[in-house]
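Have a look at the structure below before the remarks.
Readers should treat all values here as calculations from the given coordinates under stated rules, not as data from a laboratory. Bear in mind the structure is a predicted one, so any value in this text is a computation, not a measurement. Heads up, the Cβs are rebuilt from the backbone with ideal geometry, glycines too, and the neighbour counts pull from every protein chain shown.
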Amino acid sequence: MGSGQGHVSLQVKGARLTAVWLSAPFNSIHGGNYDGIHDMSSPATGDRYPQWNHGRQNWEMNYQEAAIYLQEGENNDKFVTHPKDAKALVSYLFVHNHLFYLMELTTALLLLLLSLCEAPAVAIFRLGIYVHATLELFALAVVVFELSMKLRWLGCHTYIRHKRTMVKTCVLFLQFIEAVVVLVRQTSHLRITRALRCIFLVDCRYCGAVRRNLRQIFQSLPPFIDILLLLLFFMVIFAILGFYLFSPNKSDPYFNTLENSLVNLFVLLTTAK
């Protein structure tokens, strides 16, 4: 932070923010006229009021930009996501709104709750294929709207480089295609991608602590990922041995197939008492 004549400049990664609001109190204390934006003087000197109104608007814009920088620091956002023009600023203010946060949360919860109504489901909760597929397409359309607002705010280049947003976009693309296929065929197939719906909930504003914990888990994986791979290798070897040794025994259901051998060894390793 460097000082100048009548103003203070804040340098944040190439972005220069002139905080005129710091210069006004110091000049008023010494009895002089404070320097505003574009060397604007106070109304006491007899300047025209349109110039004063224009200066106040610029002053408020500086306040708003400073508040955005503070909010980005609080949210642990990179300053490359700072809005670059008026259109991006409108989208930024819309995305960082409590109503937008509630819309994100509601959509993510709706997508998760649809798992209770899709086959295979309990008969009391089961809905028709047309009903739950339509609800899913509606929720995914809301997610498309949310991502389009973020694209308008970030710009194409920054949007592509944002990893979490790109993962969410890819999952959205897969879910959308699968929902359309289910709606056209009117039959529900094995949908593995439903397990990825939790990504929409994790990306919500209110799940920041969950994202922080997941980030710490992923950052701690590299030191011992080789040990986990070695453990998986031994588990596969012993599953194959168990299958060839115990599969002739018809009374033993644990090793009758190779898939059951892997699953039972995994249960034995993780959850068995």
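Counting Lys +1, Arg +1, Asp -1, Glu -1, what net charge surrounds Ala139 among other residues with beta carbon under 12 Å of its beta carbon?
-2
Would you mind classifying the range 82-207 by shape? Square roots of the alpha carbon gyration tensor eigenvalues, ordered a ≥ b ≥ c; an a/c under 1.5 is rounded, otherwise it is prolate if a/b is larger than b/c and oblate if not.
Prolate.
Set the Förster radius R0 to 45 Å, insert the Cβ-Cβ distance between Lys84 and Asp252 as r into 1/(1 + (r/R0)^6), and round the FRET efficiency to 0.05.
On the way: r = 66 Å, r/R0 = 1.47.
The formula returns an efficiency of 0.10 here.
Could you list the trypsin sites (Lys or Arg not before Pro) in the range 117-185 that lie in coil according to DSSP, counting only those with at most 15 other Cβ atoms within 10 Å of their Cβ?
Within the range 117-185, the qualifying trypsin sites (Lys or Arg not before Pro) (loop, at most 15 other Cβ atoms within 10 Å) are Arg126.
For a footprinting-style exposure proxy, rank Leu102, Leu151 by other Cβ within 10 Å, fewest first.
Going from sparsest to densest Cβ surroundings: Leu102, Leu151.
Can you put Ser91, Ser188 in order, fewest other beta carbons within 10 Å first?
Exposure proxy ranking, most exposed first: Ser188, Ser91.
For the pair Ile225 and Phe94, what calculated FRET efficiency results from E = 1/(1 + (r/R0)^6), where r is the Cβ-Cβ distance and R0 = 45 Å, to the nearest 0.05?
My answer for the efficiency is 0.65.
Would you please classify the overall shape of the range 174-259 from the alpha carbon gyration tensor, given that a ≥ b ≥ c denote the square roots of the eigenvalues, rounded means a/c under 1.5, and beyond that prolate means a/b larger than b/c while oblate covers the rest?
Oblate, because a/c is 1.5 or more while a/b does not exceed b/c.
Which of the chymotrypsin sites (Phe, Trp or Tyr not before Pro) found in the range 163-202 are in a DSSP loop and have at most 10 neighbouring Cβ atoms, other than their own, within 10 Å?
none
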